[in-house]
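The values are calculated or read from the model by the stated rules, or taken from the named source; none is laboratory data. Every value quoted in this text rests on a predicted model; they were computed, and no experiment measured them. Reconstructed Cβ throughout: ideal geometry from the backbone, glycine too, with neighbour counts over all protein chains shown.
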Amino acid sequence: MLVDSVDITLKAGKGGDGIVSWRHEKFIPKGGPDGGDGGRGASVVLVASHNLDTLSSFRYRKLFHAEDGERGFAKKMYGKAGEDLELLVPVGTLVTNQETGEELFDFTEENQRFVIAKGGKGGLGNVHFATSTHQKPTEHTLGQPGETIDVTFELRLIADIALIGLPNAGKSSIINAVTDADARIGAYPFSTTDPILGVMRVGDKTITIIDLPGLIEGAHQGKGLGDKFLKHTQRVKAFLHVIDATDPDTAQSEKIITEEIRKFDKTLVDRPRQLVFNKIDLLNADELKELKKQFKQAVFVSAKAKININELRDKILELTP
Ligand SMILES: Nc1nc2c(ncn2[C@@H]2O[C@H](COP(=O)(O)OP(=O)(O)OP(=O)(O)O)[C@@H](O)[C@H]2O)c(=O)[nH]1
Ligand SMILES: [Mg+2]
C-alpha cells in the first residue's frame with residue numbers, strides 16, 4: 001500500500017538542569033559554588049533521502065522524541081548535550097503544521113535538512129550567580145523544555161510527466177509502452193488504484209512518468225477514486241492527456257478532464273498538456289482522418305498494437321527539455 005500522508009508528533013529534548021553544588025575543600029565544609037550547567041536538549045532534524053520512496057516508516061509509530069540534555073555536575077562540569085534525532089524522509093515530502101496548516105518545509109532535493117523541533121537550552125549552575133557580595137548563591141536555572149510539534153508529512157511523488165484521463169482510456173497501457181513500468185492493465189474502469197512510476201530512458205536522459213487512476217466528472221467532489229492523487233501532479237512539467245479514440249464524444253471527454261484539473265488547482269490547466277488519442281487500431285481510416293482534422297495538435301497512437309509509439313516518445317522528449 002502506498003502511504004502518502006501521515007500525522008506524527010515530534011518532540012525535542014529538554015535541556016538539562018543547572019545544579020547547585022559547593023566545592024569540597026579540606027577543612028572548609030562549604031566552599032565556593034561549583035554547580036555546572038545542564039546540557040542542551042537534542043533537536044529533531046528531518047533529512048531528505050532518495051533511498052526512500054514511501055512514508056511507511058511513519059505508519060505505526062506516531063511519536064518521535066529526541067534525547068534530553070544531561071543535568072550539570074559538581075566541579076563546574078557541564079551535562080552532556082542530547083544527540084540530535086535525525087529522521088529520514090523521502091524526497092518529495094511536504095511538511096505542514098497540523099494546527100495552523102502552515103507549510104513548514106518542502107523537501108525537493110537529496111540531503112536537504114530542516115530542524116523541525118529545537119531542543120531546550122540547558123539551565124545554569126549556581127557557579128554563574130556568585131558576585132563579590134553574594135558568595136554562596138543557591139540560584140540555578142532549570143533546563144528549558146524542547147519544542148513539540150504536530151506535523152503532517154505528505155509525499156508527492158516527483159515525476160516529469162503525468163498521465164491523466166478517463167478510466168479505461170489506456171493510460172497504464174501507455175506507461176508500459178514507453179517506460180520500464182509494469183502497470184496493471186484491465187478491461188474495466190479503475191484498474192489502476194494507486195499511482196505507478198515508470199522511467200523512460202533516451203540516451204543518458206531519464207524521464208519519470210506517473211500513471212494515475214482514472215478521473216471522472218465530479219472527481220473533485222470525491223466521485224470515483226476522487227482527485228486525491230492529483231496532488232502528485234503539482235510538480236510535473238507536463239501532462240499526457242489520454243483519450244480513448246473510440247469514445248463517441250471525444251470533445252466532451254476532453255473537457256471533463258480539463259474541468260476536473262481546473263477545479264483541483266487552476267494553475268495546472270496552464271501547464272503543457274499533450275492530447276494523446278489511444279486505441280487508433282480500432283478506428284477505420286475515415287474516422288482517424290476526421291479525428292486528426294478536429295485535434296490538429298494531438299498524437300494518435302495504439303499502445304496495444306504499438307502504433308506511433310516512437311512519435312509519442314519524441315513528444316515526451318519535447319515536453320521535458
Ligand atoms: N484495442 C486497443 N485496446 C487498448 C489499447 N490500449 C489499451 N487498451 C485496452 O483498454 C483497456 C484499458 O486499458 P488500461 O491501460 O488499463 O486503461 P487505463 O486508462 O489505465 O484505465 P484505469 O486505470 O482504469 O483508469 C484494456 O482492456 C486494454 O487492453 C489500444 O491501443 N488498443
Ligand atoms: Mg490504469
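Evaluating residue 141 against the criteria (1) in a loop (DSSP other than H, G, I, E, B); (2) of a type outside the set (Asp, Glu); (3) modelled with pLDDT of 95 or more; (4) within 16 Å of ligand 1 (Cβ to nearest atom) leaves one unmet condition, (4).
Could you please let me know if residue 152 is away from ligand 2 (no atom under 13 Å from the Cβ), surrounded by fewer than 19 Cβ atoms within 10 Å (Cβ to Cβ), among the polar types (S, T, N, Q) and more than 25 Å from residue 309 (Cβ to Cβ)? Here the answer is yes, as residue 152 does meet what is asked. Taking residue 275 as the residue in question, decide whether it is hydrophobic (A, V, I, L, M, F, W, C), in a strand (DSSP E or B) and touching a strand residue (DSSP E or B) at 6+ places or on another chain (Cβ under 6 Å). In short, yes. Please indicate, with yes or no, whether at least one residue in the stretch 278-297 is closer than 17 Å to residue 209 by Cβ, part of a loop (DSSP other than H, G, I, E, B) and in the same structural domain as residue 176 (by TED's automatic domain parsing). So far as the stretch 278-297 goes, no, none of its residues is closer than 17 Å to residue 209 by Cβ, part of a loop (DSSP other than H, G, I, E, B) and in the same structural domain as residue 176 (by TED's automatic domain parsing).
Pairs linking a residue in the stretch 188-215 that is free of Cβ contacts under 8 Å to residues at least 40 places away in the same chain to a residue that is among the small types (Gly, Ala, Ser) and not in a loop (DSSP other than H, G, I, E, B), with Cβ atoms under 8 Å and 6 or more positions apart or on different chains, are 191/172; 192/172; 196/172.
Going by what's in this entry, would residue 238 be described as within 14 Å of ligand 1 (Cβ to nearest atom) and either over 20 Å from residue 305 (Cα atoms) or out of contact with any helix residue (DSSP H, G or I) (no Cβ under 7 Å at 6 or more places or on another chain) (or both)? Spell out the reasoning first.
Values: within 14 Å of ligand 1 (Cβ to nearest atom): no; either over 20 Å from residue 305 (Cα atoms) or out of contact with any helix residue (DSSP H, G or I) (no Cβ under 7 Å at 6 or more places or on another chain) (or both): yes.
So residue 238 does not fit the description; no.
Just one of the listed residues (264, 239) is more than 11 Å from ligand 2 (Cβ to nearest atom) and closer than 14 Å to residue 276 by Cα, and it is 239. From the list 222, 186, 198, the one residue that fits, being buried (at least 23 other Cβ atoms within 10 Å of the Cβ) and either not hydroxyl-bearing (Ser, Thr, Tyr) or not assigned by TED's automatic domain parsing to the domain that holds residue 306 (or both), is 198. For the stretch 75-116, which positions are assigned to a loop (DSSP other than H, G, I, E, B), in contact with a strand residue (DSSP E or B) (Cβ under 6 Å, 6 or more places away or on another chain), at pLDDT 95 or above and not charged (D, E, K, R)? Matches in the stretch 75-116: 98, 112.
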